[in-house]
Amino acid sequence: MPSFCGEKDVVMNYISTRDNSVRATASKAITQGISNEGGLFVPESFPQISLDKIASLSKKSYIDRACDILSGYLSDFSSEEIRNCVEGAYADGKFEDEKIAPLSKLSDSAYILELWHGPTCAFKDMALQLLPYLLTTSAKKNISGKKIVILVATSGDTGKAALEGFKNVEGTEIIVFYPQDGVSTMQKLQMQTQEGSNVSVCGIYGNFDDAQNGVKAIFTNKEIAEKLSQNNMMFSSANSINWGRLVPQIVYYISAYCDLLNDEEIALGDKINIVVPTGNFGNILAAYYAKKMGLPINKLICASNKNNVLTDFINSGTYDRNRLFMPSISPSMDILISSNLERLLYDLSENDDKAVADLMSKLAADGRYTVSEKLKNKLTEQFFGEYCNDDETKETIKKVFEKYSYLVDTHTAVAVNVYEKYIKKTNDDTKTIIASTASPYKFSSSVLSAIDPSKLSDDEFEMVNILSKLTATEIPNSLAELKNKKVLHNQSCEKQNMKEFIFKKLGI
Ligand SMILES: *Cc1c(COP(=O)(O)O)cnc(C)c1O
């Protein structure tokens with residue numbers, strides 16, 4: 001087992017979920033993003049945190065906790081490199097709250113973990129502020145001298161968070177595609193006003209799937225890769241299949257436990273539940289990994305919106321994406337293929353690469369698969385899955401505000417609703433952390449329509465102001481400032497012309 005506190009006597013490797021013979025260092029796994037045969041990189045073992053270790057971490061700042069925890073995973077990074085990365089991401093006021101990921105007590109048993117105090121007001125910042133540092137540090141060890149071109153297809157939150165993370169980062173260029181008519185007003189404005197010398201943003205005439213398919217096709221096109229290589233460039237990915245996006249998320253669950261301890265809400269060793277509003281299964285997987293490291297966790301509660309493919313999977317053992325995609329008021333969770341589930345399947349099957357490869361090829365061919373009885377039992381032992389629809393989401397926003405004077409966004413509301421369903425079913429009074437993934441001001445019109453629909457307006461910033469007055473909550477600076485920012489990117493293109501857009505931007 002690797003020692004935990006930054007000692008580099010044992011080198012931890014990463015293996016592929018679809019081929020146990022693949023071995024990569026942390027820096028290689030991060031640079032490469034995905035294994036050649038299509039599997040995802042996972043650590044071959046998990047660094048362990050003892051209760052003593054948790055007690056000592058609880059005396060530290062978020063940044064020190066992060067350095068300590070990450071050193072267990074980034075085994076070919078020096079301590080200085082890790083500290084540079086972590087401070088680059090979280091120090092110097094980049095987050096509006098000095099605690100970075102503060103807890104807010106909702107009730108006697110529920111605590112909201114606010115993950116949206118970063119520059120783009122969604123939890124994606126927790127990882128995407130750090131990823132550029134991890135990636136450029138990793139690249140130096142593996143592909144020194146090449147320019148890294150980050151391609152992103154986004155349904156809203158990832159694009160802006162990646163732009164903010166990678167802007168002006170030396171040796172990188174970032175190009176984001178979003179569906180011209182498929183993102184919220186605030187999300188579009190956030191991207192169109194993005195500053196930075198290495199950023200490009202383009203709306204495409206199509207939906208998110210078109211953007212995603214276009215990006216995937218370009219990624220896997222050998223001729224395009226060759227052309228980039230001739231120009232001393234390479235593509236990389238900023239989405240959550242990259243280990244560098246997942247590992248920063250483990251930190252805040254451990255940190256939240258430390259905060260509960262400091263606030264004397266729990267005693268050292270007490271178990272907690274964690275509720276996560278889930279889409280691609282990245283955020284909740286990070287909580288599962290924290291549990292594997294030794295964090296005392298009872299249940300992991302997976303909350304979905306009406307695109308409830310994960311709820312059905314947890315309750316039946318069959319994953320079936322053959323269903324209608326339904327746009328919801330929690331759009332960042334509108335997803336039918338949760339890529340990071342593959343990492344959980346690998347772990348629950350006790351590292352059975354063949355079984356995982358088999359399930360994934362069934363998913364590709366038939367859109368569905370069923371896991372073994374044994375695996376299903378392990379799944380339900382640790383996870384609880386439920387979902388709620390848009391009306392329930394709005395009712396929850398209103399109820400939480402009236403009962404606790406606390407304003408949640410549409411995604412967090414799904415988590416709160418599912419937590420209530422969990423309590424009803426189990427009567428479990430274990431202290432519970434609810435991951436809050438976005439500021440309510442990112443989704444002002446939906447949140448306002450939940451609180452007081454008579455106040456809806458056509459003007460986004462008017463709604464933001466009304467919401468602030470009605471609820472006596474503060475508008476995050478970075479969203480308030482958007483009103484006066486210049487639109488710098490209003491390009492758009494047909495979905496079949498994404499390649500030309502990229503070449504033009506790269507000047508090749
Ligand atoms: C991305 C996102 C989610 C879903 O997170 P996953 O890691 O994909 O499960 C939930 N809420 C918000 C606001 C998001 O941006």
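The values are calculated or read from the model by the stated rules, or taken from the named source; none is laboratory data. Keep in mind it's a predicted model, so treat the numbers as computed, not measured. Using ideal geometry, Cβ is built from the backbone for each residue, glycine included, and neighbour counts are taken over all protein chains shown.
Somewhere in region 283-292, is a residue within 13 Å of the ligand (Cβ to nearest atom), under 16 Å from the mean Cα position of the chain (by Cα), at positive phi and not aliphatic (A, V, I, L, M)?
Scanning region 283-292, I find no residue that is within 13 Å of the ligand (Cβ to nearest atom), under 16 Å from the mean Cα position of the chain (by Cα), at positive phi and not aliphatic (A, V, I, L, M), so the answer is no.
Looking at region 287-310, which of its residues are under 13 Å from Ala256 (Cα atoms) and buried (at least 24 other Cβ atoms within 10 Å of the Cβ)?
Ala287, Ala290
Could you list, in sequence order, all residues of region 127-141 that are part of a helix (DSSP H, G or I), in contact with an Asp or Glu (Cβ under 9 Å, 6 or more places away or on another chain) and within 16 Å of the ligand (Cβ to nearest atom)?
Matches in region 127-141: Leu128 only.
Please enumerate the residues belonging to region 315-361 that are within 14 Å of the ligand (Cβ to nearest atom) and of a type in the set (A, V, I, L, M).
Ile329, Met333, Ile335, Leu336, Ile337, Leu341, Leu344
Please return the ranges of strands (runs of 3 or more DSSP E) entirely within region 299-418 where 2 or more residues are in contact with a helix residue (DSSP H, G or I) (Cβ under 6 Å, 6 or more places away or on another chain) and of a type in the set (A, V, I, L, M, F, W, C).
Fully inside region 299-418 and qualifying: 383-387.
Give me a count of the residues in region 74-98 that are in contact with a Cys (Cβ under 8 Å, 6 or more places away or on another chain) and at pLDDT below 95.
Residues meeting the conditions: 0.
Within region 454-475, is even one residue farther than 21 Å from Glu96 by Cα, surrounded by 16 or more Cβ atoms within 10 Å (Cβ to Cβ) and acidic (Asp, Glu)?
Yes, there is a match, as at least one residue in region 454-475 is farther than 21 Å from Glu96 by Cα, surrounded by 16 or more Cβ atoms within 10 Å (Cβ to Cβ) and acidic (Asp, Glu).
For residues in region 372-399 being of a type outside the set (D, E, K, R) and surrounded by fewer than 17 Cβ atoms within 10 Å (Cβ to Cβ), which is nearest to Ala438 (Cα to Cα)?
The selected residue is Asn389.
Given (1) more than 20 Å from Leu106 (Cβ to Cβ); (2) touching a residue at least 24 places away in the same chain (Cβ under 8 Å); (3) of a type in the set (S, T, N, Q), identify the lone condition not met by Ser454.
(2)
Surrounded by fewer than 13 Cβ atoms within 10 Å (Cβ to Cβ) and out of contact with any helix residue (DSSP H, G or I) (no Cβ under 6 Å at 6 or more places or on another chain): does that describe Asn497?
No, not satisfied.
Select from region 333-371 the residues that are under 20 Å from Tyr288 (Cβ atoms), of a type in the set (Gly, Ala, Ser) and touching a residue at least 24 places away in the same chain (Cβ under 8 Å) and write down the one among them that is surrounded by the fewest Cβ atoms within 10 Å (Cβ to Cβ).
Checking each candidate, the answer is Ser339.
Going by the structure shown, is Ser255 touching a Gly at 6+ places or on another chain (Cβ under 9 Å) and either closer than 22 Å to Leu131 by Cα or within 16 Å of the ligand (Cβ to nearest atom) (or both)?
No.
Given the conditions (1) in a helix (DSSP H, G or I); (2) among the polar types (S, T, N, Q); (3) modelled with pLDDT under 95, and given that Asn490 satisfies all but one, which numbered condition is not satisfied?
(1)
Return the total of residues in region 138-167 being more than 20 Å from Phe219 (Cβ to Cβ) and modelled with pLDDT of 95 or more.
3
Could you identify the single residue in Leu479, Leu470, Leu448 that is more than 18 Å from Leu189 (Cβ to Cβ) and either modelled with pLDDT of 95 or more or aliphatic (A, V, I, L, M) (or both)?
One residue alone meets the criteria, Leu470.
Scan region 331-353 for residues that are farther than 21 Å from Thr380 by Cβ and either in contact with an Asp or Glu (Cβ under 8 Å, 6 or more places away or on another chain) or among the β-branched types (Val, Ile, Thr) (or both) and report the count.
4
Only one residue in Ser457, Ser478, Ser449 is hydroxyl-bearing (Ser, Thr, Tyr) and closer than 17 Å to Ala122 by Cα, so which one is that?
The unique qualifying residue is Ser478.
Just a yes or no: is a residue in region 105-126 on the phi > 0 side of the Ramachandran plot and either in a helix (DSSP H, G or I) or within 16 Å of the ligand (Cβ to nearest atom) (or both)?
Scanning region 105-126 turns up at least one residue that is on the phi > 0 side of the Ramachandran plot and either in a helix (DSSP H, G or I) or within 16 Å of the ligand (Cβ to nearest atom) (or both).
Scan (1) touching a residue at least 24 places away in the same chain (Cβ under 8 Å); (2) within 24 Å of Asp181 (Cβ to Cβ); (3) polar (S, T, N, Q); (4) surrounded by fewer than 18 Cβ atoms within 10 Å (Cβ to Cβ) for the single condition Thr437 breaks and write down its number.
For Thr437, the failing item is (4).
Among the candidates Ser197, Ser144, which residue alone is without any contact (Cβ under 8 Å) to a residue 24 or more places away in the chain, within 30 Å of Gln230 (Cβ to Cβ) and assigned to a loop (DSSP other than H, G, I, E, B)?
Ser144
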